[in-house]
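S.K.: What follows is a single structure, and I will ask about it in a moment.
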Amino acid sequence: MVVVMIFVLLLSLQFASPAKTILVDWGTDMPSTPIYADENDALRFKWSSSGNVFLTTKENYDNCDWGCESCGFADEVGTTSPVTYRIPTNPNATESYYEAIYFISTVSDLCDRGMKLECQVKYGQDPVTDDGGTTTSSGAVLELMIASVLTAVLCLGVLAF
């Protein structure tokens, strides 16, 4: 029975999607294209001279304007390097989708000089299609696999007696 439990545990770990840490070399030479991350990933911003990191709106990102009352928010992530921002999860997501989050520096003219970042975040899980064309979540597929393994083990156990 212990062997079966270990097998089921290893099987479930195969399908787990651990969060990762993405290192961001925070500076004025940031890429103009977005980076990609998954929900629950961590963005670790590191810079060597002056700087800070603020989470903000697209409008603030586009205009490097964090003081505009009508532009939305600019929430401080950190002012001392390194700083980590953990991307929140969406437990209600039934399908996968991407949503952008934006970061800027509010120190002097650093944002205007390129110290800003767009991150496209993937929320939810991709559906898995079986051979019959039926779409199910990967969690349901895992449950089915575990149930199949347990059923087979129980049948073998009954046959052994």
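S.K.: Label 7 Å along Cα→Cβ of residue 126; segment 22-60 residues with amide nitrogen under 17 Å?
M.R.: Flagged as within label range: 36-39.
S.K.: With a point put 7 Å past each Cα toward its Cβ, work out how far residue 29 is from residue 108 in nm, to one decimal.
M.R.: 1.7 nm
S.K.: Taking amide H positions as placed 1.01 Å from N in the peptide plane, with prolines and chain starts having none, which residues 5 or more places from residue 24, or on another chain, fall under 5 Å of its amide H?
M.R.: Long-range HN contacts for residue 24: 44, 45, 46.
S.K.: Starting from the Cα of residue 97, step 7 Å along the direction of its Cβ; do the same at residue 36; then give the gap between the two resulting points in nm.
M.R.: Those two pseudo-labels are separated by 1.9 nm.
S.K.: Around residue 78, which amide H atoms from residues at least 5 apart in sequence, or from another chain, sit under 5 Å from its own amide H, with H modelled in the peptide plane?
M.R.: Excluding prolines and chain starts, which carry no amide H, the hits are 53.
S.K.: Now, a different point. If I take R0 = 22 Å and measure r between the Cβ atoms of residue 90 and residue 62 in this structure, what FRET efficiency does the formula 1/(1 + (r/R0)^6) give, to the nearest 0.05? Could the numbers behind the result be given before it?
M.R.: Numbers: r = 24 Å, r/R0 = 1.11.
Between residue 90 and residue 62 the formula returns 0.35.
Here, each number is a calculation from the coordinates, and none is a lab measurement. Predicted, not measured: the structure shown is a model, and the values here were computed from it. As a convention, Cβ positions derive from the backbone with ideal geometry for all residues, glycine included, and neighbour counts pool all protein chains shown.
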